[in-house]
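Trainee: Structure provided below as structure tokens; questions to follow.
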Amino acid sequence: MLASIKKITQQVAAADDLQSALDLVVDNVKRAMRTDICSIYLHFPATENFVLMSTKGLDQGAIGNLCIPTDKGLVGFVAKRSEPFRTNNASAHHNFHPVEGIGEEPFNAFLGVPIVHHRVVLGVLVVQHGDSRQYTDDDEAMLVTLSAQLAGFIAHAEATGGGLRANVLADEQSTDVCYTGVCGVGGVAIASVAVISPPADFKKVPDRECEDIEAEVESFQNALQAVRRKIKVVSRMLARSLKDQEHELFEVYMRMLDDNALAGEIIARIREGQWAQGALKHVIRQHVQAFEIMDDPYLRERATDIRDLGRRVLAELQQTQTQARTYADATVLVAEEVTATMLAEVPVDKLQAIVSIRGSSNSHAAILARSMGIPTVMGAVDFPYTRMEGREIIIDGHLGHIYVNPSADLYHHYEQVIVEEANFSKELEVLRDLPAETRDGHTVSLLVNTSLPIDVSRSLERGAEGVGLYRTEVPFMIKEHFPSEQEQIDCYRTQLEGFAPRPVTMRTLDIGGDKSLPYFPIEEDNPFLGWRGIRVTLDHPEIFLVQIRAMLKANQGLNNLQILLPMVTHVSEVDEALTLIDQAYQEILEEGCQVDKPPVGVMIEVPAAVYQASQLAAKVDFISVGSNDLTQYLLAVDRDNPQVAELYHALHPAVLAALQQIVDAGKTANIPVSLCGELASDPAGALLLMAMGYDTLSMNAAGLPKVKSALRNFTLQQAQTMLQDALAKSNSDQVEELVKESMEAAGLNRLHSHVVKLKAKS
Ligand code: PEP
Ligand code: MG
């Protein structure tokens, strides 16, 4: 059985599209199980039907035409119970639904297995046979295994635009088609899709019609020429060191690029109207698959050569085509995984919204988007983005919804929401120079989290009292190499000068987890538990020291710098970091710089640091809580994984208890304690934190006016009562309900809608 399953899954993985994958499954299962019929039905939620999508054994004419209502038949029965069902007397079953004329009448043996993805039944895999047969446990086990694999394939095909159901859902006739993701950044936009792909990755290349066929052919020919030239250079360089046989590979490569081979096929595809990258993708994929399923290991290896060659041409194409790209005035950036570099690619005045297929509300892409105040939907795994290029869609970041083909009513509704939100932001502008003071006279300092130069003016416009977290890794991410000391000095000076005399807290390089540098890849099975933050920089003192020196030098004449250490798990890490900071300080003094030694703080982001908050506090000048990571590690929920986004709750009672413990430890040690995670930019979260004793909150600039408004319309006493009630709750839903009621009672309904995103999913 294992051999059959393996062979079928290998073939499915190599299939060109979903329809071929389904056909392969039914064909192979029918043969492997020696059964009369094997069929796959897919669920179409729009019409509440199961549609026969592939069969061996039933009338082929029924494919795409046979629709079974979801509550009818044994297919509906399997789907309703979400579990396998088998019988040798199908026609006697109470849910049996006879369908005439498709050839299933005499087959009474039935085994159906649901195809389930993320708790949702996508379809049913069915085998049928004449009366004589009884399907066995082994048969069932085989179908369950295959259907689990198929579920992933179907979901992926739909997410990448190759889904059979997605095509129907996004069909021109259906209006208000809604795809749900995770709330990234609240706000609403109506904008045209621009899909951005990471370099040289075929999986991310969208299908796109080309506007100018001749220009597209020419750009492909140029890319080809560039690759040919590069291969020749490498070939010449390696001529002496390679054996003849290995050297022949270059000849093979050159022949493959010949007009009569791959190149000819790709040009033919472009002439059919596909843009060069898409044409290249299709032709390369076809050839790779053809080689991959060959039995001969030598020929199978050729798949790697073709893939490699394809990537080289793609890289060349992308280099020239990215430069030439233009964006609509209202653009929604859509990408499989949005990165800082992609955000920088779209002109800021045109970027109205962001959709990331992967990632969750606390991924770093979402955090960046939040600091820019751009409505964002994360983890939209079902959105068939590769087919959406240029289409106008509605993005509702509050609910995590994306609407395709909006009806006039829906369009009008969202146009109004956009106007109302703009008015509300305008209303909040008057708060800019007012203190964040509660109605009973308690003040809280509201700082901002920054990462880009543009954040300076944006933050000051919103009344920021300083920077509680400057994420230095972001300027590192948008470079092609580690920035030099001088480049770093320039970058840090912009922040320090922009905010002076207000404090600027610069965090030392915090890479790893979901933040990687293109020129310093960290490949790990478990990145969030791996080489992250201070672990990396202590292992690379040459990087750490340059960064500290740059910070200290940038601070000359200003003295508003504070240094923050991320991801600390061991007290000894603080000792080591402080020693290096001392070394850098001595060095720059010797070089003649005149600057004070800045305060150094530690981030509390992991459970170990919560329990050792007092010991850590004794070593440093201040504490800052990273509630994004702390929530992730306390609840054991990957902040980046939309699959578990429902379980990520910053208002979980355990998180609240830990936050209380940290602030108490800081107060006992008599040092300032702040919080710089996303919780601080949620009005309800900010009220709870103030009640715990946090005097400084650092947040994204876009959220600051709302937080200030909440504080100014609440009393410390009300917040303390809300906190006590929250700490007595046993689960996060109850806490969220409680804060919702408390905020509504204080007339803060409009501010409360913001809370939704902390719960990650609407
Ligand atoms: C945090 O973890 O809360 C934090 C502020 O750091 P980052 O989000 O950059 O990991
Ligand atoms: Mg963190």
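Trainee: Among the listed pairs LYS619/LYS667; LYS597/LYS667; LYS56/LYS204; LYS203/LYS232; LYS204/LYS350; LYS426/LYS708, which are separated by more than 21 Å between their Cα atoms?
Mentor: In this structure, LYS597/LYS667; LYS56/LYS204; LYS203/LYS232; LYS204/LYS350 exceed 21 Å between Cα atoms.
Trainee: Cα axis of helix 213-238 to longest principal axis of the chain: angle in degrees, 0 to 90, nearest 10?
Mentor: That works out to roughly 80 degrees.
Trainee: Could I ask something else about it? Multiply the residue separation of GLU427 and GLN10 by 0.36 nm, subtract the distance between their alpha-carbon atoms, and state the gained length in nm to one decimal.
Mentor: The span from GLU427 to GLN10 would gain 144.2 nm if fully extended.
Trainee: In whole Å, how far is the Cα centre of segment 27-99 from that of segment 458-491?
Mentor: 58 Å
Trainee: Please rank CYS38, CYS593, CYS210, fewest neighbouring Cβ atoms within 10 Å first, as an exposure proxy.
Mentor: CYS593, CYS210, CYS38
Trainee: Using modelled amide H (1.01 Å from N, peptide plane; none on Pro or chain starts), what sits under 5 Å from the amide H of HIS97, excluding residues fewer than 5 places away?
Mentor: GLY73, LEU74
Trainee: What angle, in degrees between 0 and 90 and rounded to the nearest 10, separates the Cα long axis of helix 571-590 from the longest principal axis of the Cα atoms of the chain?
Mentor: 60 degrees
Trainee: For the chain, what is the relative contact order in percent, using Cα pairs closer than 8 Å and at least 6 residues apart in sequence?
Mentor: Reported relative contact order: 12 percent.
Trainee: While we're on this one: Mind jotting down the distance between the C-alpha centroids of segment 363-384 and segment 639-711, whole Å?
Mentor: 20 Å
Trainee: While we're looking at this one, here's another question. Could you give the size of the charge dipole of segment 397-494 about its Cα centre, using +1 on the Cβ of each K and R and -1 on the Cβ of each D and E, expressed in debye and rounded to the nearest 20?
Mentor: With Lys and Arg at +1 and Asp and Glu at -1, about 120 debye.
Trainee: Step through the residues of segment 331-345 one at a time and calculate ³J(HN,Hα) from phi using the Karplus curve (6.51 cos²θ - 1.76 cosθ + 1.60, θ = phi - 60°), rounding each to whole Hz and writing x for Gly and Pro.
Mentor: The phi angles translate into 10, 10, 6, 10, 8, 4, 9, 6, 10, 4, 5, 5, 4, 6, 6 Hz.
Trainee: Right, here's the next one. Within 10 Å of each residue's Cβ, count the other Cβ atoms and sort ASP349, ASP629, ASP664 from fewest upward.
Mentor: Ranked by crowding around the Cβ, least crowded first: ASP349, ASP664, ASP629.
Trainee: Then there is this: With each label point set 7 Å from Cα along the Cα-Cβ vector, what nm distance links ALA500 and LYS72?
Mentor: For the pair ALA500/LYS72, the computed spacing is 7.8 nm.
Trainee: Report the Cα centroid-to-centroid distance between segment 125-148 and segment 391-416 in angstrom, as an integer.
Mentor: Spelled out, the Cα-based centre of one part sits 44 Å from the other.
Trainee: Taking the Cβ of CYS178 as the center, what net charge do the other residues with Cβ under 12 Å away carry, scoring Lys and Arg +1 and Asp and Glu -1?
Mentor: -3
Trainee: Can you give the local net charge around GLN562? Use residues other than it whose beta-carbon is closer than 10 angstrom to its beta-carbon, Lys and Arg +1, Asp and Glu -1.
Mentor: Once positives and negatives cancel, what remains is 0.
Trainee: Around PHE499, what is the net charge, scoring Lys/Arg as +1 and Asp/Glu as -1 over all other residues with Cβ under 14 Å from its Cβ?
Mentor: 0
Trainee: State the extension gain, in nm to one decimal, for the chain segment bounded by GLU48 and THR175, taking 0.36 nm per residue of separation less the distance between their alpha-carbons.
Mentor: Once the chain is fully extended between GLU48 and THR175, it gains 44.1 nm.
Trainee: Still on this structure: Over the alpha-carbon set of the chain, work out the extent along each principal axis and list the three values in angstrom, largest first.
Mentor: For the chain, the Cα extents along the three principal axes come out at 85, 73, 50 Å.
Trainee: Return the percentage of antiparallel bridges among DSSP beta bridges fully within the chain, rounded to the nearest 5 %.
Mentor: Antiparallel: roughly 55 percent of the beta bridges in the chain.
Trainee: Any idea what angle helix 137-159 forms with the longest principal axis of the chain, computed on alpha-carbon atoms, 0 to 90 degrees, nearest 10?
Mentor: The answer is roughly 60 degrees.
Trainee: Measure off 7 Å from each Cα along the Cα-to-Cβ vector at LYS203 and ASN749, then give the distance between these two points in nanometres to one decimal.
Mentor: 4.5 nm
Trainee: Let me ask you something else. Given H placed 1.01 Å from N in the peptide plane, which residues other than close sequence neighbours of VAL182 have an amide H under 5 Å from its amide H?
Mentor: Here the answer is MET378, GLY379, ALA380, since their amide H atoms fall under 5 Å of that of VAL182.
Trainee: Can you list residues from other chains, or at least 5 along the same chain, whose modelled amide H is less than 5 Å from the amide H of GLU336?
Mentor: The list, which skips near neighbours in sequence, is ILE357.
Read the figures in this text as sums done on the coordinates, not as results from a lab. Small disclaimer: the values here were computed from a predicted structure and weren't measured. Glycine gets a Cβ as well: all are built from the backbone with ideal geometry, and neighbour counts include every protein chain shown.
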